[in-house]
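Read the structure below first, then the notes.
The values are calculated or read from the model by the stated rules, or taken from the named source; none is laboratory data. Keep in mind that what you see is a predicted model, and the values were worked out from it rather than measured. Using ideal geometry, Cβ is built from the backbone for each residue, glycine included, and neighbour counts are taken over all protein chains shown. For the accessible areas, the whole protein counts, side chains as well, though only heavy atoms, and no ligand, DNA or RNA atoms are used. Shrake-Rupley method; radii C 1.70, N 1.55, O 1.52, S 1.80 Å.
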Amino acid sequence: MSTDVPTDVLVEAGGVSFALHKFPLVSRSGKIRKLVAGDSRELDVSFIKLSDLPGGPEAFELAAKFCYGINFEISVTNVATLRCAAEYLDMTEDYGDGNLVARTEAFIDEIATQNLSNAVAVLHSCESLLPLAEELKIVNRCVDAAATEVCREQLSSLSSHTDFSNSERMESLQPKGPVDWWAEDLSILRIDFYQRVLAAMMSRGLRHETIGAALMHYAHRALKGFNRKQVARDSSRTKLKVHDSATAIEHEQRILVETIVSMLPREKNSISCSFLFGLLRTALILDTTVACRIDLEQRIGMQLERATLDDLLVPAFSYSGDTLFDVDIIHRIVVSFLKQESDDNKVMYESDGGASPSQSALMRVAKLMDGYLAEVAPDPNLKVSKFIALAELFPDHARLVDDSLYRAVDIYLKAHPALSDLERKKLCKLLDVQKLSQEACQHAAQNERLPVQMVVQVLYYEQMRLRTAMTTSFVDGEQVGPYSQKAAGPGGLSAAISPRDHYSSIRRENRELKLEVARMRMRLTDLEKDHVNMKEGIQKTGSSSKFLSSVTKTLSKLNPFRFKDSSNVPNAKSGMNNRRRRHSIS
C-alpha cells in the first residue's frame, strides 16, 4: 500500500510481510485492534504475526485493500476465502457499517447460492478453508443450493416431456442426460463434498438411475490415470506409510474408491455391471478393505447376467505366481448370484406359486461361466479342484446343452496332460452325455484325452439315440396312413400329421443313418488294416510253420466275401452242382 505517510505496523501473514498503517486496519478489524492495543512495547513500528490466517497472504492482501477502501471484485472464487478471513480478523459491523463480514454474507446469499455453477465454485474453494468454512455454514448452504438446483432442473425436465409417448419419455430420461450438464460441474469437487451433495439429492428424491450415472462419471474422471504402482505384498507385509509421497497418493486413491463404493445406489441395475467390475479391479490394485471388495462382489452378483466374458477376466494382482486370473473372486460372485436367485425364487414361489422368471438369467450366467472356464482352462497353474468347484456351482437345469462345458473340459485336459486318471474321471463327471449335441458326441467319440469309460458312454448313448430314432421312424411310417385317413374324417383334422413335419423327421433320420454308416465304414477300414498287418506278420514267420498256414487258410475260407459267384470257386465238384439243382425250385 504505497502512500506518503510512513508505515507504522508490519504484518506477517503466511510468511509474507506487509508494511501498513495502523489506523485503517484497527478501524475495520477487531483482532488487529486488540493485538495493537496489547503490544506494550514503545516501538516506532509494531509487529503483528498472523500465522493461521485462513487463505494465507492472498486473503490478507484483499482484506487490507478493503480496510484501505481500495476497490476489488468479490467473486465466487474468492468469496469463501474473504468470508473466513473476515471472521478471523473480526471485521464485523461492530467496527464499521458494511464491513467485510456483511459484504461477503450478502454475496453468498444473493449470488453464490442462486445457481448450480456458482454454488459448486464456492464449495470447491472451501476445500482448503476447513474447518472454519464448515463452522460458518458456507459448506452446508452451498451443498443445499447445489442439490436444490439439480432436483429443480430434473423436475422441469420431467414436466417438459409430458406430451411424449411412453417410449419417448423413457428414452429421454436415460442417464446420458445428466452427465451433459450438472454431473460435469460436480466432478470438480473433492470426494467428501461430492458425497454430501449426492446425499442431499437422494434425500430430495432424485432417481437412483441418475445418481448412478453421475457416480460413474465422477469415478471415470477421478480415477483416470490413477497410480497403478503396486506395493510389494508378501506374507509379512507391513502397514502403509502415508508420509511417503507415492504411498500417500495411493492412500488417497484407496479412500476415494472406498467412498465411491459406499455411495453406490442399492437398487438393482442402477450401475452397469462393467463399471462395477472396473471398480473391483481398481480395488484389488489399491488393496482396499475387505468390506469394500465384498460389497462390490455382492453388487455384481445381483446383476451377473448382464456381465460379459471380458468383465469376468479379472487378473490376479498378486506375486504368489498362482494363476493368471482370479478364479476365487469369480467363484464368490457366482455364489452370491445363486444365493440371490434362490431367494428371489423362494419369494416368487410363495407369492405366485409358479415358475420364476429368473430361469433365463440362470441359464445366461451358466453359459457365461462355461465360456469363462474355457478362457482360464489353458492356465497351467489352475488347479483341477478350482475348475471343478466353479463348474459344479450350477444345477442341472441351468444348462440345456453341455457343449460349451465339454469344450472347456477338453481345453483343460489338453493344457494339463499330466493329470491322473482319477482327476480325468472327476472332470468328465461334470458332463451329461445326454446333453451333448451330435457334433460334440462325434468329437468325444474320437477324443483320445477322454477316459475310456467316457468314450464308451458316448458311443452307447449314440447307439441308443440312433435306435430310438429308427424305431420312431418305423412306427411313424406304419401309422401315418391310417391316422391321416382318420384325420380326414369329421372332427379329426387336428390329429393329422403335418407333411412338413414328417418330411423334416425323415430328413433328420436319414442324416443319422448316414452318420452311422460312415462310422461303420471307418470301423471296417480299421479292421481291414488290422487283418493286413496280421497277415504280413504271419508271412514273415515263413512257410515252414504249418500251423499258422492252416490257420490262415481256415480264416480265408470263413470270409464270406472271398468269391463273388460260384463259377470262380476252384476245384468245384459236380456233386455240389447236383445238390444245388436238387434243391432248386425250378
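Need one number: the % of Cα-Cα pairs in the range 1-117 sitting beyond the 21 Å mark.
On the way: 2442 of 6786 pairs.
Result for the distance tail: 36 percent.
Give the span of the range 359-436's Cα atoms along each principal axis, as three whole-Å numbers ordered largest to smallest.
38, 23, 17
Tell me which residues come under 5 Å, amide H to amide H, from Leu50 once H is placed; ignore anything under 5 positions away on its chain.
Residues meeting the amide H criterion: Glu12, Ala13, Gly14.
Nearest-5 percent of antiparallel DSSP beta bridges in the range 1-136?
50
Could you rank the peptides 5-16, 96-107 by their average count of other C-beta atoms within 10 Å per residue, with the highest value first?
Order by mean packing, descending: 96-107, 5-16.
How much of Ile249 can a 1.4 Å solvent probe reach, expressed as accessible area in Å² and rounded to 10?
Probe radius 1.4 Å; accessible area of Ile249 about 80 Å².
Between their Cα atoms, which of Lys383/Lys425; Lys386/Lys435; Lys383/Lys435; Lys22/Lys49 are more than 19 Å away from each other?
Pairs exceeding 19 Å: Lys386/Lys435; Lys383/Lys435.
So for each of 419-426, 361-368 I average, over its residues, the number of other beta carbons within 10 Å; can you give me the resulting order with the highest mean first?
The most tightly packed comes first, giving 361-368, 419-426.
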